[in-house]
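The values are calculated or read from the model by the stated rules, or taken from the named source; none is laboratory data. Since this is a predicted model, take the numbers as computed values, not measurements. Note: ideal-geometry Cβ built from the backbone for every residue, glycine included; neighbour counts use all protein chains shown. Note: areas computed on protein heavy atoms with side chains; ligands, DNA, RNA excluded. Shrake-Rupley method; radii C 1.70, N 1.55, O 1.52, S 1.80 Å.
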Amino acid sequence: MNEQSIVVTSGWTLQRDTFGKLILTNAQGERSEGVVPVRAFPIQSPEVGISMVDTDGHEVAWIESLVDLAEPAQSLIRTELASREFMPVISTIVSVTSFSTPCTWKVETDRGDTEFVLKGDEDIRRIGTAGSLLVADSHGIQFLIKDQLALDARSKKILDRFL
């Protein structure tokens, strides 16, 4: 099997095989195939605290800060994270079908316009102190509002009815 993108860091080696899976080899020579990076703080500190997890969910390596790694390793891990994460950012709340739940929200996001069903008020969660919100739709897809105070007046008025 040909392996590509060999990256050596302190204490372990990360490779991508021809099937696109990441293989981590630790200092003792133990190989973990199919590892995935998982952010500890995906919203507030996406570049800090990244765990490399094997297929059984066990942590096999810890990255304190992504910027501390050499550039080939940073790019490899960022590419892998981008392929796994999908969190549209809401820029505008166009309309809602009702101010009671469940209701359908029509929004504009960085991935395009969409509609989703909000099952309950508890599906809107405050995160951090910067006015960020996570909105979960009925299918579990998370939408991010980076700063609720930066939304336009109409969007803020709609959002206030649910907070």
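Here are the numbers for this structure:
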| read-out | value |
| --- | --- |
| Calculated diffusion of the chain, Stokes-Einstein form, Kirkwood radius summed over Cα pairs, 4 °C and 1.567 mPa s, µm²/s | 72 µm²/s |
| Ranked by how many other beta carbons lie within 10 Å on average, peptides 36-46, 56-66 from highest | 36-46, 56-66 |
| Accessible area in square angstrom per residue, the range 35-163, 1.4 angstrom probe | 56 Å² |
| Point-to-point label distance, T114-E33, nm (Cα→Cβ direction, 7 Å offset) | 3.3 nm |
| Relative contact order (percent, whole number), the chain, Cα cutoff 8 Å, 6+ residue spacing | 12 percent |
| Fully extended contour minus Cα-Cα distance, from F86 to D147, at 0.36 nm per residue | 20.1 nm |
| Potential lengthening between F41 and S100 on full extension [0.36 nm per residue; Cα-Cα distance subtracted] | 18.1 nm |
| Fraction of accessible area attributable to carbon and sulfur, the chain (%, probe 1.4 Å) | 50 percent |
| Rounded, prolate or oblate (a/c below 1.5 giving rounded, otherwise prolate when a/b exceeds b/c) for the range 110-163 by Cα gyration tensor | rounded |
